[in-house]
Amino acid sequence: MSYHSIVMVKQVPDTANISGQVMRPDGTVNRSKLPTIFNPEDKVALELALQFRDRYDGTVRVLTMGPLKASDLLRDCLYMGVDEAILVTDRKFAGADTLATSYVLSAALRKLAPYDIIFAGRQAIDGDTAQVGPQTAQKLGLPQITYAEAILQAEGSTITVKRKVDNGFEILEANLPLLITVIKDAATPRPFRAKRVMAYKNALSLLELEKMTETNSLLYIDQLKEEYLAKGLFIPTLTADDLDIDPDRCGLKGSPTKVHKIDSVVLGGSEHETLPATQDGMYALIDKLMEDHIFG
């Protein structure tokens, strides 16, 4: 029996580079000031889905909600081996918290049904809430297994999953379809495949095609879309008009979570020692580091 999976992925700001320069006065992150990366646990979830397809056959699609730039993430997924990548985007979705995000994603997943498994990373590094996966499952009325570290077996409409818990693990059996959130140690993401990079480096979403027409009056969006569809290079794009959703439940309107206050925390040591910028000072620093077992 073959199985059809959808992986929810997210492009996130590289939080390792956050500084005062990227924080707005209201306490939110100015994402345009940060480089973006593939959310680490989502990438692991994608690898687990691809391994599952390799083992049981079927298909793997990926779904992301984000702006035009999120198309880069979807191309990365195509390079790794997914069968289809879908972008969910609309200005009405901007500023969404986990409640509004899961509402839009659940609407998109209904449109993409049928499927057997929805995979997602346990959490995104820009929020660390671990809420979107479970909230999406709840809105779809699906069973869910969180903190998954391995899929042990699938047989018919039943799947067996190993789940990490404090000081141990659980073995759970569930009926399909269901949603699984994956921890970072579940798998090591595969590298891009060179042939797929060459094949899909020119894959474009509807927003990117529209941007092309804005700079070239000889191009027409309908014609471009047909051309890219024929080549297998069109990234399907879903907007608010494509989904049966309530606009009041999207974006900022549908987000009850507000940032009330943010404090800048500066960590400082109670003791410090200044060493001279000389060869003797360097040797003293090395001795100190070895004494503290930092290296050596």
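A few points about this structure:
- Under 13 Å, Cβ to Cβ, from L219 - net charge with Lys/Arg +1 and Asp/Glu -1: -4
- Accessible area expressed per residue, the chain, with surrounding protein chains retained (probe 1.4 Å, Å²): 57 Å²
- Listed residues L206, P177, T188: farthest to the positive end of the dipole of the stretch 166-211 (Cβ charges): L206
- L238 long-range amide H proximity, modeled H, under 5 Å: L87, V88, T89
- Nearest 10 degrees, 0 to 90: helix 279-291 Cα axis against the chain principal axis: 70 degrees
- Cα-based shape type of the chain, given that a ≥ b ≥ c are square roots of the gyration tensor eigenvalues and the cut on a/c is 1.5: prolate
- The stretch 81-176 - percent of accessible surface contributed by carbon and sulfur, probe 1.4 Å: 45 percent
- Helix 71-80 vs. the chain, principal-axis angle (Cα, 0 to 90°, nearest 10): 90 degrees
- Sorting M282, M198, M8, M65 by accessible area puts them as M198, M282, M65, M8; the probe is 1.4 Å, largest comes first, and only protein heavy atoms count.
- For the chain, a Gaussian network of Cα nodes joined below 10 Å ranks E273, E47, E226 by mean-square fluctuation, and the top entry is E273.
- Highest GNM mean-square fluctuation among R53, R193, R122, for the chain modelled with Cα contacts below 10 Å: R193.
- Dipole moment magnitude, nearest 20 debye, the chain about Cα centre, only Lys, Arg, Asp, Glu C-beta charged: 700 debye
- Fluctuation leader among L105, L178, L209 - the chain, Gaussian network, Cα springs under 10 angstrom: L209
- Peptides 213-222, 148-157 ranked from most to least packed by the mean count of surrounding Cβ atoms within 10 Å: 148-157, 213-222.
- Helix 40-56 and the long axis of the chain differ in direction by around 50°, with both axes built from C-alpha atoms.
- Integer Hz, Karplus 6.51/-1.76/1.60 couplings in order for the stretch 145-162, x for Gly and Pro: 10, 9, 6, 6, 10, 6, 9, 7, 6, 9, 8, x, 9, 10, 10, 10, 10, 8
The values are calculated or read from the model by the stated rules, or taken from the named source; none is laboratory data. This is a predicted model, so every value here is computed, not measured. All Cβ positions, even for glycine, are placed from backbone atoms using ideal geometry, and neighbour counts span all protein chains on display. Side chains are part of the model used for accessible areas, which takes the heavy atoms of the whole protein and leaves out ligands, DNA and RNA. Shrake-Rupley method; radii C 1.70, N 1.55, O 1.52, S 1.80 Å.
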